[in-house]
Amino acid sequence: MTSFRARPRLSLVVGAMLLVALVVLVVSRIAFLHGETLRRWRASLEGGAVTTQATVDGWYGERVGDAEMLAASVALLDRVAGAPAANEPRPVERLLAPTLRRQNSLGGWVLDANDRVIAGTNGLTIFPAEIVAAREARLRRRSVRSAIVTGPVSSSIAIASPVPPGPHVRGSGDPVTIVLRSDVVAAFTPWVTGRPNAAMSLFSTPSPDGAVTVAACPGHSPPVCVTHHGELKRGSAADLSLSRVDTFGVFPAVEGGEPVLAVTRYDSTLGWGIVRRVKRSDAFVPFWKALALEGLFLLVVLALLAMFVDARERRLRVRRMREQAHADQRLATIVDAATDGLLSFDDGLVITMSNAAVDRMLGYPRGALVGRELLELFSPEWRGYLRRSLADFMRATTTGVSLADTEWCQALRLDGTFLAVDARLGRAELDGVALYTMGLHDVSERARTESFLSRQRHILEQIASGSPTSESLCTLFDLMESEAPQMRFAAYELSHDGIVAHIVCAPHLPAGFVEVTDEIVVGPVSAAVGTAIFRDEPVYSTDIATDPLWETSREYILAHGVRGAWAIPLHAADGRSIGALACYYSEARGPSMRELELASAAVHLASIALYTSRDAASLRASEASFRSFVENAPAAIFRETRYGRLVSANPAMLTLLGYDSVDALQEAAERKSLYHDLAARARMLAELESHDVVRGQEVEWCRADGSLVTVRVSARAYRDDRGEIWLWEGYAEDVTLLRAAEQALRRNERLAAVGQLVSGVAHELNNPLSSILHFAEDLLTDERSREDAEALGVICDQARRSRAIVRDLLSFVRQRATNAEPLALAEVVAGTLRMMRSTAELGGARLHADLDDERATVVADRGGVEQVVTNLVSNAVQAAGAGGDVWIRVAGAGSDVRLIVEDSGPGIPADVRPHIFDPFFTTKPTGEGTGLGLSVTLGLVEQMGGRITVEPRLNGALGSCFVVTLPRVDAADMKRATATASPMVEPSLAALLPTVRKRHALVIDDEPTIRAALCRFFTRRGWTVDEACDGAAGLALLDARGDEFDVVISDLRMPGVSGVELHDRLALEHPSILERMIFSTGDVASSEAASFVRRTTCLVLQKPFELRMLDEVIALVDARIEASRRSA
């Protein structure tokens, strides 16, 4: 049967291939005939085009020759123009007449240099195109053709030829041109007449206002057509010929109508395009005739081939029918010998055939099923479902279907028992009648096995879902005992010390038996269970009555009807012993092969149940311990995905970042708001990608309030099955304070180094500045010209400016002496702003003050507060610039008072912000700032117990915002402090100045210029002055003549004996001199000088000082001496 089914398919394939080959052959032949027709016509048309070009060039050559011959004849005339004799033609007209008659020309003319006709055919007007040709002939000095001129009666073309120089030049004085006009239609009519192929010729020539087509028109009178076209169609044959393109193809006819096959050619002599053409329908007449003849031949061949194939197929069908009969007989034998049942039934569900396997399967005699209803073979509860399924199948068009997709059908045997079968339906057509079949396969054993496996899966699901161990084991033992009713199972769990095994579950053993065997000691001779655990191998007791393992408990065991037993040890996944599975029989025997198979499954499931229970308990304890560790850890512990999702976070992380809940923190992380610098997170991820761990990498996190916190992160990555990181666990500790402390330490170290440098520099600068300032002030006391006085004033101002710079440096490296007192901060700020308003107006900035908070009271140094306000507002005015705004607010904030200075400037760049409080750091141009303003401000604020920060402006506005926070005091405390504070009284210097008298002064300084300036100062005031170049010389003078000096002024820092040593020696040897001592120094930043200033009672002047100040200090010394005398 297989060979016969394959043969039609093979014949079909072969027939299809032959048909395709035939189609390809026919198409190829048609393409060949078509191409051959085109090649023949191309050769014919190209030959005609060459002939046409030769003919046209010959005609044109004749006309040019006649024109040039006539021009040569005219050149021999004495005079071209002029009036002839009465009734006599002009000489040139006599020359024109024969030529015109020979050429069948329409007319001829002679034109002078101004294009005027001086002779020619009477009664005809020369055309503009002919005048243009005459002009061009004179310019080129050769013959030129004109454009074709079309008219209602005729069409013409003219040949213009210049007349060579000759006697006529002497007669007229101007060059002349001969123009001969020829009739185009008359010229080409002889060539077309009598030529059948002339109808295929087309001439086209351009003209100034378009193109003219000269075409052969057979059947017309005359047979030549001249047509004017304003514009030729792009790509047409005429257009291509005029474009100098020689080609062959199908083109639309110029006159309209059906397309034509045409060859184009360009005549360079005339500048004409030549087109040879033939109607496409006429050209392909031979092609269609050949195609029809060959098609008829092909049809005859195909008819003969079809007759041959039909005869062969008839013989094959007869042979196939004989073989089909034999196949049916073999099929019947095979069906009867099949192991699966096979039924056939009709539309009424009546069985028409059954094989022997169905009869054996259902217990019917052979052939007894034929004629019975099909549904009688199934259990009653299945018949309704089967009836509906069979009806649906009969209505459908499918050829096969299963009756049950998820469960087995229940067949009804002759003896009334049920059998699980797999039933499948089939459909076939036999002589137009539907034939239905049903295959039945016995799946009772398979159903039982699948049920057993399903219940095992259920037990595993119980274990995985965390059900109690005893419940899972009871379900397991119910399953096993249903498969082997003679078996009674019990599960024992080994204690953690490995000494005793306790019953976990024994659902079907007597209660007394369970009580006796509840606790079994593990040992070499300890019943089946204890011995199996001890040996770590199965132990079988086929007869308890004689087995020595049961010696100690035999009486109790036999009393409960148990005679046989065996036990198999249970193991955890890591191989450790965790208990045993025991089975008991009521008769003396061992296990069968089926029971051993069941025992193997039971041991596997019981082991899973026991070690899962143990591991779950251990895991719960471990998770509780780990959870306690994480929740109580002082550092942040978190889990984060590679895409930034925060999976978990401990309470320490919430506290560190200021969030109320993990959800809020997770939302911030998803908004990419956790990491201040996403590039730092990317670097950490790259480190994890490379090494799976990160140790001690520092990043900045954003807190809920927007502030930043620096954390040191250590993390470990977890990878998925593809090896990609999907999660990491991190441990982060807050190092913000540590980094701040390190930064402060580095800053203090820098400040210490800068302080030593500044101290030395200040001393070295203050000495020459003192000399400059003293001499300039002294010179200003004399009568000077205005120019000199202004110059000296500039010197004084610049010296004072330099002094201010040096003092700023000194203020930066030392803490200034403060006088803390209760202050209404708003009042101090308001007073400072009044002094600065004019400065702000000069800078073009507007000041806005909000100082209404009366609670803004602090205890601070007034001068320090004023300097802080001045520095911050000055910077804000410069940042805001012309047209900008500066806002100053004072407001209470809990236990603090905040001074806020904002500006509308460009703001502080992120890379500049960390350095703004660094000494000598400035963004101003060179010469416009020392970079100490904010550093000094920071020192003053911290000295007052406050802090200064830079915060972003509200709503993300541009500009900067500095916030100074100082401790607040209550108004009552302020009043009490004010009431108990001693009033600060400044003495009137004028009242302390004594009457001027002749005095004696001693100047001690190692700088000669300072000594000279001070000596000049005292001398101009009538004093007697002595001077000493160092402390030793000064001490010698004081030892010898100390009582003579009214005032002694000494430098502190001198080589040899310093001013401090001089002070200490005088305090021991001449203490009375100290009240007349005045010390000066340019180095108050050094620790030695600062210590001296704190412990001495002498007056100290800071260099460079003004002479006016020295006057005042001398007055104070006099006042102190006078007060001392009065008290004595």
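Values quoted throughout were computed directly from the atomic coordinates according to the rules given, and no laboratory measurement underlies them. Here the structure is a predicted model, which is why all the values come from computation and not from measurement. Neighbour counts run over all protein chains shown; Cβ positions are idealised from the backbone, glycine included.
Note on the chain: lysine pairs with Cα distance below 29 Å, sequence gap of 8 or more or different chains, count 4.
Once the Cβ-Cβ distance of Asp328 and Arg387 is raised to the sixth power relative to R0 = 30 Å, the FRET efficiency obtained is 0.45.
Ranked by how many other Cβ atoms sit within 10 Å of their own Cβ, fewest first, the residues Val144, Val897, Val912 fall in the order Val912, Val144, Val897. With both labels modelled 7 Å from their Cα along Cα-to-Cβ, the Val27 to Val350 distance reads 5.9 nm. Here the 3J(HN,Hα) profile of the range 943-955, calculated from phi with Karplus coefficients 6.51, -1.76 and 1.60 at θ = phi - 60°, is 5, 8, x, x, 8, 10, 9, 10, 10, x, 6, 5, 6 Hz, Gly and Pro shown as x. Computed from backbone phi with θ = phi - 60° and the Karplus coefficients 6.51, -1.76 and 1.60, the 3J(HN,Hα) list for the range 111-118 is 10, 7, 5, 9, 6, 9, 6, 9 Hz; x is used for glycine and proline. About its Cα centre, the dipole of the range 483-612 is roughly 200 debye, where the only charges are +1 on Lys and Arg Cβ and -1 on Asp and Glu Cβ.
When peptides 477-483, 1075-1081, 380-386, 627-633 are sorted by average Cβ neighbour count within 10 Å, with the highest value leading, the order is 1075-1081, 477-483, 380-386, 627-633.
What the Cβ-Cβ distance of Ala704 and Asp852 gives, at R0 = 30 Å and to the nearest 0.05, is a FRET efficiency of 0.45.
Taking R0 as 51 Å, what FRET efficiency do you get between Val1093 and Glu783 from their Cβ-Cβ distance, rounded to the nearest 0.05?
E between Val1093 and Glu783, to the nearest 0.05, is 0.80.
Helical runs assigned H by DSSP (4 residues or longer) give the chain a calculated mean residue ellipticity at 222 nm of -15500 deg cm²/dmol, each run adding -39500 (n - 2.57) before division by the residue total. For the chain, the Cβ-based charge dipole about the Cα centre amounts to some 7060 debye (Lys, Arg positive; Asp, Glu negative; other atoms uncharged). Close amide H contacts of Ile578 (hydrogens built in the peptide plane, cut-off under 5 Å, sequence separation of 5 or more or a different chain): Leu570, His571, Ala572.
Pull up the DSSP beta bridges for the chain and report the antiparallel fraction as a percent, rounded to 5. The partial results should precede the final answer.
Numbers: 150 of 172 bridges.
Of the beta bridges lying entirely in the chain, close to 85 percent run antiparallel.
Scoring 501-513, 543-555 by mean Cβ neighbours within 10 Å over their residues and listing the highest first yields 501-513, 543-555. Per residue, the convex hull spanned by the Cα atoms of the range 338-442 measures out at 98 cubic angstrom. A Cβ-based charge dipole, computed about the Cα centre of the range 633-734 with Lys and Arg at +1 and Asp and Glu at -1, lands at about 160 debye.
Along the charge dipole of the range 633-734, pointing to its positive end and built from +1/-1 on Cβ of Lys, Arg, Asp and Glu, which listed residue (Leu674, Trp726, Val711) has its Cα farthest out? Of the options given, the answer is Trp726.
Stretched out fully, how many nm does the piece from Ser592 to Glu537 gain, at 0.36 nm a residue minus the Cα gap?
18.0 nm
Placing unit charges on each Cβ (+1 for Lys and Arg, -1 for Asp and Glu) gives the chain a dipole about its Cα centre, and among Val525, Val226, Thr189 the Cα reaching farthest toward its positive end belongs to Thr189. For the peptides 842-849, 68-75, the ranking by mean Cβ contacts within 10 Å, running from highest to lowest, is 68-75, 842-849. Convex hull volume of the Cα atoms of the chain, normalised per residue: 523 Å³. Please list, in order, the residues from the range 691-718 whose amide nitrogen is less than 19 Å from a point placed 7 Å along the Cα→Cβ vector of Arg642. Zone members listed by number: 691-695, 715-718. Phi angles across the range 130-142 convert, under the Karplus curve 6.51 cos²θ - 1.76 cosθ + 1.60 with θ = phi - 60°, into 3J(HN,Hα) values of 6, 5, 4, 5, 4, 4, 5, 5, 4, 5, 7, 6, 8 Hz, Gly and Pro given as x.
Using a 4.7 Å Cβ-Cβ cutoff, the cysteines of the chain lacking any partner cysteine are Cys409, Cys474, Cys505, Cys583, Cys702, Cys796, Cys961, Cys1015, Cys1029, Cys1098. Extension gain for Ala635-Ala617 works out to 3.6 nm (0.36 nm per residue, less the C-alpha to C-alpha distance). The length gained on full extension between Cys225 and Gln943, counted as 0.36 nm times the residue separation minus their Cα-Cα distance, comes to 246.8 nm. In the chain, a dipole from Cβ-located charges (positive for Lys and Arg, negative for Asp and Glu) runs towards its positive end, and of Ala357, Met1077, Ala67 it is Ala67 whose Cα lies farthest in that direction.
Modelled this way, with points 7 Å down the Cα-to-C-beta line, the labels at Leu842 and Asp660 are 5.3 nm from one another. Figure legend: label point modelled 7 angstrom from the Cα of Ser470 along Cα→Cβ; residues of the range 510-533 with amide N under 19 Å from it are 510-520. Amide H contacts under 5 Å for Arg563: Tyr585, Ser586, Glu587, restricted to partners 5 or more places along the chain or on a different chain, H placed in the peptide plane at 1.01 Å from N. Working from label points 7 Å from Cα in the Cα-to-Cβ sense, the Ala830 to Asp911 distance is 4.5 nm.
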